[in-house]
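Student: For reference, the structure I am asking about is given below.
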Amino acid sequence: MINLTDANTYFSTRLHSDEWTNALDNDKTSALTTAENMLLNTFTLREGYQDIPAYLHAVCEQAIHLLQFDKERYRLQQEGVSSYGVDDQNFNMSYSIISPIVKAFLKPLIYKKAGDVVGNRDIK
């Protein structure tokens, strides 16, 4: 679990971290917990991922993404809504609730299972 002290240290040098700075400690802790749970349930990470700085960065970025995310849009996406219309306006919510920067941080940590390579099989 990423702790509040480490997250505060990360955000102390991050540009545009007002949402984090202005949030209450309870909200920060909830955002960190939710972010980490989302990432661990979405991605299969390599062994030892917790000790790699990119993991801390990914959890922190997902936490601030959740704090900045429109609450109504978040609720709708959790319910599976991908688009809706009101009068003449249509809204597409194709953007993932997982921050794109988080995916970049986690890319080297994601465990990818490759199938058997034909050349490595013992063919008889």
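The values are calculated or read from the model by the stated rules, or taken from the named source; none is laboratory data. None of the values given here were measured: they were computed from a predicted structure. Every residue, glycine among them, receives a Cβ derived from its backbone with ideal geometry; neighbour counts consider all protein chains shown. Accessible surface is based on the protein model in full, side chains and every heavy atom, while ligands, DNA and RNA are left aside. Shrake-Rupley method; radii C 1.70, N 1.55, O 1.52, S 1.80 Å.
Student: Go through the stretch 12-27 and give me each residue that's surrounded by 13 or more Cβ atoms within 10 Å (Cβ to Cβ) and either under 9 Å from the mean Cα position of the chain (by Cα) or not charged (D, E, K, R) (or both).
Tutor: Looking only at the stretch 12-27, we keep the residues that are surrounded by 13 or more Cβ atoms within 10 Å (Cβ to Cβ), and these are 14, 17, 19-20, 23, 27.
Passing the criteria: Ser17, Trp20, Ala23.
Student: If I ask for residues that are closer than 11 Å to Leu67 by Cβ and of a type in the set (Asp, Glu), which ones from the stretch 7-26 would you list? Give the steps one after another, and end with the answer.
Tutor: Of the stretch 7-26, the ones closer than 11 Å to Leu67 by Cβ are 11, 17-24.
Answer for the stretch 7-26, where residues must be closer than 11 Å to Leu67 by Cβ and of a type in the set (Asp, Glu): Asp18, Glu19.
Student: Let me ask something additional. So which helices (runs of 4 or more DSSP H) are wholly in the stretch 28-113 and hold at least 1 residues that are of a type in the set (A, V, I, L, M, F, W, C), open to solvent by less than 40 Å² (accessible area, probe 1.4 Å) and touching a helix residue (DSSP H, G or I) at 6+ places or on another chain (Cβ under 7 Å)? Explain how you work it out, then say what you get.
Tutor: Values: elements: 53-68, 71-78, 100-106.
The qualifying helices (runs of 4 or more DSSP H) are 53-68, 100-106.
Student: Inside the stretch 1-27, can you point out the residues that are farther than 13 Å from Gln62 by Cα and not in a helix (DSSP H, G or I)? Full working, then the answer.
Tutor: Just the residues of the stretch 1-27 that are farther than 13 Å from Gln62 by Cα, to begin with: 1, 3-6, 8-9, 12-16, 18, 21-27.
Those that are farther than 13 Å from Gln62 by Cα and not in a helix (DSSP H, G or I): Met1, Asn3, Ser12, Thr13, Arg14, Leu15, His16, Ala23, Leu24.
Student: Of the conditions (1) free of Cβ contacts under 8 Å to residues at least 24 places away in the same chain; (2) over 19 Å from Leu106 (Cβ atoms), Ser17 fails just one. Which one is it?
Tutor: (1)
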